[in-house]
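To start, the structure under review is shown below, and the notes come after it.
The values are calculated or read from the model by the stated rules, or taken from the named source; none is laboratory data. All values derive from a computational prediction rather than experimental measurement. Cβ atoms come from the backbone with ideal geometry, glycine included; neighbour counts cover every protein chain shown. Heads up: the accessible areas ignore ligands, DNA and RNA and are worked out on the full protein's heavy atoms, side chains in. Shrake-Rupley method; radii C 1.70, N 1.55, O 1.52, S 1.80 Å.
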Amino acid sequence: MRPFITLEPIEHRIKGNGLFIDSVPLSNILALDISPVYVTSLNSISQRINYYKTSLNMYFPNNEVFYAMKANYSLPILEEVKNAGAGIDIVSIGEWRAALSSGIKPQKICFAGVGKKGVEWKEAIEGG
């Protein structure tokens, strides 16, 4: 189910005016004339986070939802994750810095993975 993707009747789609993502016509996205272009529904991100939180709360009242930053770390997505109340799962000090710059609180960041240098751990620990 793609609730934030809507289709107009076929006669509109043939002319390139029938597909909308978060109410933005695909024709507007294509008019950007850049390649590649990646389109993500911010509404679907917050909806999914709320769905996960609601589902988990039914059985595990003390839970946290974390978004894997490596999936997509664009600023609008990170801000949407933050606004939806989720945390961020990171694996590098670069991701740590990006999460902080997007306004994520250190307490909502899970720093995982192997192969970290001492200076990376030090920066993260001293940063909260």
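Remarks
- Greater than 24 Å apart at Cα, pairs in Lys70/Lys108; Lys70/Lys105; Lys82/Lys117; Lys53/Lys82: Lys82/Lys117
- Whole-number accessible area per residue in Å² for the chain, which is evaluated in the context of all protein chains at 1.4 Å: 69
- Among Ile21, Asn62, Gly103 the positive-end extreme of the charge dipole of the chain (Cβ point charges): Asn62
- When you restrict to C-alpha pairs under 8 Å that are six or more residues apart and normalise by the size of the chain, the relative contact order lands at 15 percent.
- Between Val37 and Ser101, the FRET efficiency from the beta-carbon distance, with R0 = 30 Å, is close to 0.80.
- Full extension of the chain segment joining Ile125 with Ser23 gains 32.5 nm, where the gain is 0.36 nm per residue of separation less the Cα-Cα distance.
- Just the protein heavy atoms count here, and of the accessible area of region 15-87 at 1.4 Å, carbon and sulfur take up 56 percent.
- With every protein chain in place and a 1.4 angstrom probe, the accessible-area ranking of Phe60, Phe66, largest first, reads Phe60, Phe66.
- The 1.4 Å probe gives accessible areas that order Met58, Met69, largest first, as Met58, Met69.
- As a fraction of the 1.4 Å probe accessible area of region 88-128, surface on carbon and sulfur atoms comes out at 60 percent.
- Largest accessible area first, the listed residues Lys122, Lys53 line up as Lys122, Lys53 when surface is computed with a 1.4 Å probe on the assembled protein chains.
- Segment Val114-Ser55, length gained on full extension (0.36 nm per residue, minus Cα span): 18.2 nm
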